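Okay, structure first, notes after.
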Amino acid sequence: MSSLPSDDDAVGTVEGTVVPLVVTALVGLIGVAAAWYVFVRSTDSLVDLLGLLVVAAVALLALWVGSRIAGSLVSPYNVAEVAVEGPIARERAGGVPGSATGIGADDVVEQIELADADPAAEALLVKLNTPGGEIVPSEDIRIAAERFDGPTVAYATDVCASGGYDIASGCDEIWAREGSLVGSIGVVGSRVNANDLAERLGLSYEGFTAGEYKDAGTPLKELRPDERAYLQGLVDDYYDQFVETVAEGRDMAPDAVEETEARVFLGSEARERGLVDELGTRRAVTDALEDRLGEAVAVREFEPAHSLRERVSLGAQRATYAFGAGLASAFDGDADGLRFRR
């Protein structure tokens, strides 16, 4: 998630970070000067060493007090940012560099809730670059965004598709770039059919189940027509839920959502269809937030804590993440070899 700061990222950061640093430094210097005068300058040379140690201890204490005072005087930020990048799954999943890096929905939800609990966070910015993923984890992130107490803005960078758009539809506004790919309001259900391969290898499937459709979709058995209809019904139900969610979140007619036929659109056409509110850069987004909040914007990025090894791995994977690889990724699903994804 971390990257070199750009001009857009720097909006509002001067007031939010420089002032607290100045206050902390001033309090620290005052503490050092006072300790030096009391414990060193006004004492005999025999206690100079002890005096220096006391100066160091008082200086550290003064710096800590200064940071606390600075934090109470000036809020370091007023907009919380949470990123959703890569395929969406319940838990973060990584692969070799070059593969799509999955993000953990539970981690994202936790960060949104932490931001919501912080009085300094007056608004939430959700940065989206994802082809979608597992259905329920995507919905969990959307629900967390909906529950945030304050304005919420979704900002699509490269891709905001399927489960990513599900999340975006839970925000008050959706922004995208001209070249962003937005939409894919649909559901995929898939299974591996290994029946023929098993027969060639001399393997056969024998299941002991209770309930007629308990093993529907098992890779080693051929689907019966009624099982196929049953599984297609699940996909249709998921799709109806998705359409209803988008229609409600975007104040659109369900027919208009269905007319997208699960296609992705460039930012300009997505705006024409009502899938996006505005087009613009990140600076345009923060400018709009400044108008809404009535004050300068300082953004703090909320992200889960990772070890150094995890950060290096994530950086390598994201550096080589490509849209084509993202759309082609498969996501783990419900059970019995079946996969449902948005």
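Looking at (1) touching a Phe, Trp or Tyr at 6+ places or on another chain (Cβ under 8 Å); (2) farther than 18 Å from Ala105 by Cα; (3) hydrophobic (A, V, I, L, M, F, W, C), can you tell me which one Ile135 breaks?
Of everything listed in (1) touching a Phe, Trp or Tyr at 6+ places or on another chain (Cβ under 8 Å); (2) farther than 18 Å from Ala105 by Cα; (3) hydrophobic (A, V, I, L, M, F, W, C), Ile135 misses just condition (2).
What about Ala328, is it loosely packed, with under 15 Cβ neighbours inside 10 Å and at pLDDT below 75?
Answer is yes for this residue.
Pull up the stretch 200-221, narrow it to residues that are of a type outside the set (A, V, I, L, M) and surrounded by 12 or more Cβ atoms within 10 Å (Cβ to Cβ), then point me to the one that is modelled with the lowest pLDDT.
The initial filter retains those residues of the stretch 200-221 that are of a type outside the set (A, V, I, L, M), namely 200, 202, 204-209, 211-215, 217-219, 221.
This time we only want the ones that are surrounded by 12 or more Cβ atoms within 10 Å (Cβ to Cβ), so: 205, 213-215, 217-219, 221.
Details: Tyr205: 75, Tyr213: 84, Lys214: 85, Asp215: 82, Gly217: 79, Thr218: 80, Pro219: 79, Lys221: 81.
Looking at the filtered set, the residue picked out is Tyr205.
For the stretch 238-255, enumerate the residues that are surrounded by fewer than 16 Cβ atoms within 10 Å (Cβ to Cβ) and either within 11 Å of Gly186 (Cα to Cα) or not assigned by TED's automatic domain parsing to the domain that holds Ala194 (or both).
Step one: of the stretch 238-255, the residues surrounded by fewer than 16 Cβ atoms within 10 Å (Cβ to Cβ) are 240-241, 244, 248, 251, 253-255.
If the condition is that a residue be surrounded by fewer than 16 Cβ atoms within 10 Å (Cβ to Cβ) and either within 11 Å of Gly186 (Cα to Cα) or not assigned by TED's automatic domain parsing to the domain that holds Ala194 (or both), then Asp240, Gln241 are the ones that fit.
For the stretch 143-174, what are the residues that are of a type in the set (S, T, N, Q) and free of Cβ contacts under 8 Å to residues at least 40 places away in the same chain? Show your work before the answer.
Kept after step one, since they are of a type in the set (S, T, N, Q), are these residues of the stretch 143-174: 152, 157, 162, 169.
If the condition is that a residue be of a type in the set (S, T, N, Q) and free of Cβ contacts under 8 Å to residues at least 40 places away in the same chain, then Thr152, Thr157 are the ones that fit.
On the given criteria, is Arg228 within 29 Å of the chain's Cα centre (by Cα), farther than 30 Å from Ser268 by Cα and not assigned by TED's automatic domain parsing to the domain that holds Arg271?
Working: within 29 Å of the chain's Cα centre (by Cα): no; farther than 30 Å from Ser268 by Cα: yes; not assigned by TED's automatic domain parsing to the domain that holds Arg271: yes.
Criteria not met by Arg228.
Which of the residues that make up the stretch 224-245 are over 16 Å from Arg341 (Cα atoms) and modelled with pLDDT of 95 or more?
Step one: filter the stretch 224-245 for residues over 16 Å from Arg341 (Cα atoms), giving 224-230, 244.
Once the filter is applied, which keeps residues that are over 16 Å from Arg341 (Cα atoms) and modelled with pLDDT of 95 or more, the stretch 224-245 yields only Glu244.
Report yes if Gly267 is in contact with a Lys or Arg (Cβ under 6 Å, 6 or more places away or on another chain) and crowded, with 18+ Cβ neighbours inside 10 Å, otherwise no. If you could, list the steps in order and put the result at the bottom.
Details: in contact with a Lys or Arg (Cβ under 6 Å, 6 or more places away or on another chain): yes; crowded, with 18+ Cβ neighbours inside 10 Å: yes.
It is true that Gly267 is in contact with a Lys or Arg (Cβ under 6 Å, 6 or more places away or on another chain) and crowded, with 18+ Cβ neighbours inside 10 Å.
Testing Arg271 on (1) more than 20 Å from Ile167 (Cβ to Cβ); (2) at pLDDT 95 or above, one condition comes back false. Which one is that?
(1)
What is the residue count in the stretch 170-194 for residues that are within 19 Å of Leu279 (Cβ to Cβ) and in a strand (DSSP E or B)?
Residues that pass the stated criteria total 7.
Being out of contact with any strand residue (DSSP E or B) (no Cβ under 7 Å at 6 or more places or on another chain) and either assigned to a helix (DSSP H, G or I) or assigned by TED's automatic domain parsing to the domain that holds Val153 (or both) narrows it down to one residue among Leu223, Leu234, Leu197, Leu203; which is it?
Every option except Leu197 fails the conditions.
Taking interchain pairs and intrachain pairs at least six residues apart, which have beta carbon atoms under 8 angstrom, with the first residue in the stretch 189-201 and over 30 Å from Gly132 (Cα atoms) and the second surrounded by 15 or more Cβ atoms within 10 Å (Cβ to Cβ) and modelled with pLDDT of 75 or more?
Note: pairs meeting the criteria are Ala198/Leu220.
Give me the residue from the stretch 119-145 that is in a helix (DSSP H, G or I) and either basic (Lys, Arg) or over 14 Å from the mean Cα position of the chain (by Cα) (or both) and, out of that set, nearest to Val297 (Cα to Cα).
Restricting to residues being in a helix (DSSP H, G or I) and either basic (Lys, Arg) or over 14 Å from the mean Cα position of the chain (by Cα) (or both), the top hit is Arg142.
Taking Arg311 and the conditions (1) at pLDDT 90 or above; (2) exposed (fewer than 15 other Cβ atoms within 10 Å of the Cβ), which numbered condition does it fall short on, given that it satisfies the others?
(1)
The values are calculated or read from the model by the stated rules, or taken from the named source; none is laboratory data. All values derive from a computational prediction rather than experimental measurement. Cβ atoms come from the backbone with ideal geometry, glycine included; neighbour counts cover every protein chain shown.
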